[in-house]
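Student: To start, I am sharing the structure in question, which I have written as structure tokens.
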Amino acid sequence: MPKDPAEPCKTQSDASLKVQNLLDIVATLRGPNGCPWDKEQTHLSLTQYAIEETFEMVEAIESQNDAKIKDELGDVLFQVVLHAQLASERNAFSFADIIENLSEKMLRRHPHVFADKKVQTTEDVKTNWEEIKRAEKALEAKPAFENILNVPEGLPALQRAYKIGKRTEKLQFDWDNAEQVWEKVEEEHQELREALDEKSIIEIEHELGDVLFSVAQLARHLDLEPEQVLRKANRRFEARFAKMKEFIFADGKNFEILELSEKETYWQKAKRALKNKSSI
């Protein structure tokens, strides 16, 4: 049965009421009789939670579980609303200002949809987007420390290394192919080996960082996003570890008292058992 044409309006009105209800809840949490934890928070203290909630949202999306996605999107939204409440308390901006600013930005950055800009491909859209962002940045006041490559500093380090490479690629400061990057990885690996031999923790930290950075660039040249690659590797390790302990328990043995060589045997067995699992 076709929907009533007026239904979207009802839905929109219902959403508006629920958004206002959420704003009121957060204001109450920050109020005189609110939650001690919420009342203590600052923009800075909340940054760790913004990162955690974003990663939990990504994990939910990867699980393809709609209930989890809905729940984690709500947690991300709570962070936005809480920051808006903090800002409104010092008369900086409100949640409505955030929405208005975002709407204006989307209109401005999509002239091929909301204006007369013509595009043919997704690459055209990306090029226009970057040009518009550069124009916007040119109008902003220069910070005390200039982030010259314009890569957000709050990103996870591995993801930021990847994005730094994407920026320098556009500036034509990059390797030509993955083979050249692999040579760089081997070079950095050798320098790390030398630092380990010298037992200088400062040099070890320096060279280990160079190895991680160069591996992130290798992933980029292989058209892989290193953050996702590592997330999958983490899940593989966890699945294999769980399967290893399962085998040990099935054999009536105690994991804690097994020799490392015995654990390695079970580890290899777990790897073989999970080798053809497409989701791992």
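Student: Over 20 Å between C-alpha atoms is what I'm after, so list which of LYS243/LYS275; LYS243/LYS271; LYS70/LYS232; LYS243/LYS263; LYS232/LYS275 land there.
Tutor: Working: LYS243/LYS275 12 Å; LYS243/LYS271 8 Å; LYS70/LYS232 22 Å; LYS243/LYS263 12 Å; LYS232/LYS275 14 Å.
Cα-Cα > 20 Å for LYS70/LYS232; rest within.
Student: Among rounded, prolate and oblate, which fits the stretch 50-170 when a ≥ b ≥ c are the square roots of the eigenvalues of its C-alpha gyration tensor, a/c under 1.5 means rounded, and a/b larger than b/c means prolate? Present the calculation step by step, with values, prior to reporting the outcome.
Tutor: Details: a/c = 1.34, a/b = 1.23, b/c = 1.10.
Rounded is the answer for the stretch 50-170, as its axis ratio a/c remains below 1.5.
Student: Using a Förster radius of 25 Å, what is the FRET efficiency between ALA157 and ALA233 based on their Cβ-Cβ separation? Nearest 0.05, please. Please report the intermediate quantities before stating the final value.
Tutor: Numbers: r = 16 Å, r/R0 = 0.63.
Efficiency at R0 = 25 Å is approximately 0.95.
Student: Obtain the nm distance between the two label points defined at VAL125 and LEU139 by a simple spin-label model: each point lies 7 Å from its Cα along the Cα-to-C-beta direction.
Tutor: 2.3 nm
Student: Could you tell me which residue out of ALA157, ALA115, TRP129 lies farthest along the dipole of the chain toward its positive end? Charges go on the beta carbon: Lys and Arg +1, Asp and Glu -1, centred on the Cα centre.
Tutor: ALA115
Student: How much space per residue, in cubic angstrom, does the convex hull of the C-alpha atoms of the stretch 158-280 take up?
Tutor: Convex hull of Cα atoms, per residue: 148 Å³.
Student: To continue, here is another question. Per the Debye formula with a single identical scatterer at each Cα and no solvent contribution, what log10 I(q)/I(0) holds for the stretch 94-157 at q = 0.26, 0.30 Å⁻¹?
Tutor: Result of the Debye calculation: -1.14, -1.19.
Student: Only helical DSSP H runs with n ≥ 4 go in: add -39500 (n - 2.57) per run for the chain, normalise by residue count and round the 222 nm mean residue ellipticity to 500 deg cm²/dmol. The partial results should precede the final answer.
Tutor: Values: 12 runs with 202 residues, N = 280.
Computed mean residue ellipticity for the chain: -24000 deg cm²/dmol.
Student: Taking 0.36 nm per intervening residue step and subtracting the Cα-Cα distance, what contour gain separates ASN21 from GLU187 on full extension? The partial results should precede the final answer.
Tutor: Details: separation 166, 0.36 × 166 = 59.76 nm, distance 5.75 nm.
Stretched out fully, the ASN21 to GLU187 stretch lengthens by 54.0 nm.
Student: Could I ask something else about it? Tell me, what is the Rg over Rh of the stretch 203-248, with Rh the Kirkwood radius over Cα pairs? Can you show the working numbers first?
Tutor: Values: Rg = 14.6 Å, Rh = 12.4 Å.
Rg/Rh: 1.18.
Student: How long are the semi-axes of the equivalent ellipsoid of the stretch 91-248, defined as square roots of 5 times the Cα gyration tensor eigenvalues? Whole Å, largest first. Provide the component values of the computation, followed by the final result.
Tutor: Values: eigenvalues 283, 96, 75 Å².
Three semi-axes, in Å: 38, 22, 19.
Student: Can you find, among ASN177, GLN79, SER13, the residue farthest towards the positive end of the dipole of the chain? Put +1 on the C-beta of Lys and Arg, -1 on that of Asp and Glu.
Tutor: SER13
Student: Also, quick follow-up: From the Cα gyration tensor of the stretch 215-280, with a ≥ b ≥ c the square roots of its eigenvalues, which class applies: rounded if a/c is under 1.5, or else prolate if a/b is larger than b/c, or else oblate? Don't skip to the end; give the middle numbers.
Tutor: On the way: a/c = 3.36, a/b = 2.47, b/c = 1.36.
Prolate is the answer for the stretch 215-280, as a/c is 1.5 or above and a/b outweighs b/c.
Just so you know, all these numbers are worked out from the coordinates, no wet-lab data involved. Source: prediction; values computed, not measured. Please note: Cβ atoms are built from the backbone with ideal geometry, for glycine as well, and neighbour counts cover all protein chains shown.
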